[in-house]
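Taking it in order: structure first as structure tokens, then the write-up.
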Amino acid sequence: MSQAFAGRLIRWQLEHGRHGLPWQGTSDPYAIWVSEVMLQQTQVLTVIPYYQQFMRAFPDVSSLAQAPLERVLALWSGLGYYSRARHLHRSAQLLLEDYGGEFPHDRTVLQRLPGIGRSTAAAIAAFAFGECCTILDGNVKRILARYFGIRGYPGERAIEAQLWQTAERLLPQGPDSKTMASYTQALMDLGALVCTRARPRCQLCPLQSDCVAYRHDQTAVLPTPKPRKSLPVKAAAHLIVIDHNRIFLEKRPPSGIWGGLWCFPELAVDQDSIDYCARNINLRVSKVTELPCLNHGFTHFKLCIYPQLLRLVMPGPSCAAPDRTWVTIEEARELAIPVPVKKLLSITETVFQSCNHVSQ
Ligand code: SF4
């Protein structure tokens, strides 16, 4: 499997891949490192002039390490993600201090340097030292997720581990350094030129014949996108105060959640509802029951509503205030009320009906 996969990619790369990029055709780990870091978040065409200028100014580890950081940042200016430049500079200093300016051949040592992750270390090791190790950047994750039909967001730890295992399984067997460089370049080129994020050019792909995503028309949904961030959850108690066949509603202030709509009094779930009614709405009530939680989604959070059914035990002063009212359920349905209140009205109606049924 791995030989066939690697063979197809290498043959494709020779004929259709990129061959004239300024950082290709070298086994200098420093040049490879600089290009890999620049390419981490930036398009090839943007990187080319920056790379050439950077390499003219700092042709080796020593010149970069000894340059003032301000100068490094100035040459990086416009590329963005400036932590990359700071990490390059710091790593060059560490390489000079600890390794005399030479790159250690051990990938695990490279990975300890600031800004060099597992995939970047593998790219340096494969291109510069011909080591048989795989890269796994975003492009390669996309290729593998589609080719094998691997579902799940690739940034998730378990999915990423599966992708690393898969990528390692596909490495050419006993490759020489030229093969490793071609294979690594082929992965990069396929992701950049053919198996692109949007509208992959499957007709040109050397993997098309047995690509799961292509065969099952899944290229638009693989790799699985990042899950939407889960919304914060808030909780509130809503008080359904009943007096015979009427319920109590308050009008919300004009701005804010449900602004200007009629709602049940709302309070924190740990507040005492009987005390709240006495103090805030001048009603003496007793608790009848707690109703099941009702969930409601807003754009920025979810609200868990804990409704409490309360019975008026001693009428307070009449509701002269324009933002308070006693209405029947039918009348309430005619008012401007939000969806959860509508749902709570139906629940309350059911409770009323069952009470009436019991009392008959
Ligand atoms: S066939 Fe299409 S989806 Fe599959 S690896 Fe090739 S370009 Fe990507």
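The values are calculated or read from the model by the stated rules, or taken from the named source; none is laboratory data. Please read all numbers here as calculations on a predicted model, not as lab measurements. Cβ placement follows ideal geometry from the backbone for every residue including glycine, while neighbour counts extend to all protein chains displayed.
Only residues that are more than 8 Å from the ligand (Cβ to nearest atom) and under 25 Å from the mean Cα position of the chain (by Cα): list them for the range 178-195, please.
Those that are more than 8 Å from the ligand (Cβ to nearest atom) and under 25 Å from the mean Cα position of the chain (by Cα): 187, 188, 191, 192, 193.
Comparison of 158, 181, 167 shows that the only residue that is surrounded by fewer than 15 Cβ atoms within 10 Å (Cβ to Cβ) and not assigned by TED's automatic domain parsing to the domain that holds residue 303 is 158.
Looking at 13, 43, 24, just one residue is in the same structural domain as residue 122 (by TED's automatic domain parsing) and under 30 Å from the mean Cα position of the chain (by Cα), and that residue is 43.
Touching a residue at least 24 places away in the same chain (Cβ under 8 Å) and surrounded by 20 or more Cβ atoms within 10 Å (Cβ to Cβ), is that true of residue 39?
Details: touching a residue at least 24 places away in the same chain (Cβ under 8 Å): no; surrounded by 20 or more Cβ atoms within 10 Å (Cβ to Cβ): yes.
It is false that residue 39 is touching a residue at least 24 places away in the same chain (Cβ under 8 Å) and surrounded by 20 or more Cβ atoms within 10 Å (Cβ to Cβ).
Only residues that are under 12 Å from residue 30 (Cβ atoms) and either among the small types (Gly, Ala, Ser) or in a loop (DSSP other than H, G, I, E, B) (or both) were counted across the range 40-60, and they come to 3. State whether the residues of the range 225-245 include one that is in contact (Cβ under 8 Å) with a residue 60 or more places away in the chain and within 16 Å of the ligand (Cβ to nearest atom). Within the range 225-245, one or more residues are in contact (Cβ under 8 Å) with a residue 60 or more places away in the chain and within 16 Å of the ligand (Cβ to nearest atom). Of the residues 20, 25, the single one that is over 26 Å from residue 107 (Cα atoms) and not in a helix (DSSP H, G or I) is 20. The combined condition, being away from the ligand (no atom under 16 Å from the Cβ), more than 21 Å from the chain's Cα centre (by Cα) and within 23 Å of residue 27 (Cβ to Cβ), is not fulfilled by residue 86.
Does residue 213 fit the bill of being within 16 Å of the ligand (Cβ to nearest atom), within 22 Å of residue 145 (Cα to Cα) and in contact with a Leu (Cβ under 6 Å, 6 or more places away or on another chain)? Lay out the reasoning, then the answer.
Working: within 16 Å of the ligand (Cβ to nearest atom): yes; within 22 Å of residue 145 (Cα to Cα): yes; in contact with a Leu (Cβ under 6 Å, 6 or more places away or on another chain): yes.
Answer is yes for this residue.
Answer yes or no as to whether residue 69 is buried (at least 16 other Cβ atoms within 10 Å of the Cβ) and out of contact with any Leu (no Cβ under 9 Å at 6 or more places or on another chain).
On the way: buried (at least 16 other Cβ atoms within 10 Å of the Cβ): no; out of contact with any Leu (no Cβ under 9 Å at 6 or more places or on another chain): yes.
Against the criterion (buried (at least 16 other Cβ atoms within 10 Å of the Cβ) and out of contact with any Leu (no Cβ under 9 Å at 6 or more places or on another chain)), residue 69 does not qualify.
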